[in-house]
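The values are calculated or read from the model by the stated rules, or taken from the named source; none is laboratory data. Not measured: the values here are computed from a predicted model. Neighbour counts run over all protein chains shown; Cβ positions are idealised from the backbone, glycine included. Please note that ligands, DNA and RNA were not included when accessible areas were found on the heavy atoms of the full protein model with its side chains. Shrake-Rupley method; radii C 1.70, N 1.55, O 1.52, S 1.80 Å.
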Amino acid sequence: MKKKYTASIALLAAVWAWTAQAQTDITLDLARPVNPAKFETDPAKGHWTETFNDTDYPMIEFEGGFAFTHLTSGNSWGGLSWDGFTYATSGDSTNHNAANDWTDYQWGCMAGGGIRTGAQGEVLTDETGNVQVQAGIPYLIGYYASYLAEGLQTIFTDGQEHAVRGMYVCNHPWSYYNCLEGGGVATAFGKEGDCLKLIVHGLDAYYEETGSTVEHILAEYKDGQLRQSKAWQWVDLSPLGNVGGLAYTMETTDIGEYGPNTATYFCLDRLTIAPAGYNPTATPAVHGPAVSAWPNPFADCLMVSTPTAAEAALYDLSGQAVLTAALQPGNNRLDVADLPQGTYVLRIGSNTMKLIK
């Protein structure tokens, strides 16, 4: 026992020494708005009361340098329409197909609420690994209007390029039930290959597309069944590299004369980026290899980046190694779904870092 305790202390000491040099990731926190300074929400429907304001908020902004386009078209047609991103807290996952009143209740989230976090901002998960949620906790809703060529956008307001770790995405009820049973002009997914997906595009420092994209499948009819999730899911965006912002478009196989028949909505939270100047492909400094691990907090998988082949070991706070792995240069995916929630220390060569599940 004494040996484990001593090892634990040594590891933790190394963590704090390493974090003096480490670069801290920046995560979107919807509880810290900048513009507007506070989001007022409709008490009955749980959406931002200025969603249809087409004058004052071309962007909505949050601490950490995140800005999201709001009403990209610049016109709500007298409060009848909106596009871009808005803020919501309702968590409503009700199927409104029967009453056909989606326009009145387009503020929900299939998970049933926003993402619960702990005292240190870590994402909380249940015993099955699913993200814990609660109605009343905010999330962003993105509505992609296909007539807008530039799509929806996130801009990093510091004017710098950042490596993007990823974000949590959840199905929106209108889209979910369109895929499940149709509704309005939408047809239920029932043919092999039917698909609804979100496409995230990298933008350079001038907010032009870099050509790098990541696709996330929201719904897919495959092998004779419809596959779509109600849970918040982590989407790894590291393949985008260093970018000045993000653009979002959506595609569906159910297309009509006027564009997508499937409702093109999605929910977003906890977008996470590295600090400006971080370069995952940079040549390692002479004092040791530059390594990184994300997301932090993690859930079912942990991504580890190293410029050279290396050995990784993950320890619990008793000093017991709970996972070891041989890493290849570049990004490595570690399966950590079976680990209990808690605090861990990752050691790769001379580098150590504290991680939370």
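Computed quantities for the displayed model
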item	result
Most mobile of T306, T89, T154 in a GNM of the chain (Cα contacts under 10 Å)	T306
Nearest-0.05 FRET efficiency for D158 and L317, computed from C-beta distance (R0 41 Å)	0.70
Accessible surface, 1.4 Å probe, highest first, among residues I141, I26, I155	I26, I155, I141
The chain: calculated mean residue ellipticity at 222 nm from DSSP helix runs of at least 4, using -39500 (n - 2.57)	-2500 deg cm²/dmol
Dipole magnitude of the chain, debye to nearest 20 (Cβ charges: Lys/Arg +1, Asp/Glu -1, about Cα centre)	1620 debye
GluC sites (Glu not before Pro) restricted to the range 101-158 and DSSP loop, no more than 16 other C-beta within 10 Å	E127, E150
Relative contact order (percent, whole number), the chain, Cα cutoff 8 Å, 6+ residue spacing	17 percent
Residue-count net charge about P260 - beta-carbon cut-off 15 Å; Lys, Arg +1, Asp, Glu -1	-4
Net charge over other residues, Cβ less than 14 angstrom from the Cβ of S229 (K, R count +1; D, E count -1)	+2
Among W77, W102, W234, residue whose mean-square fluctuation peaks in a GNM of the chain (springs only between Cα atoms under 10 Å)	W77
Mean projection area, nm², convex hull over Cα of the chain	19.4 nm²
Net +/- balance of residues flanking S146 in space, Cβ distance below 15 Å, scoring K and R +1, D and E -1	-4
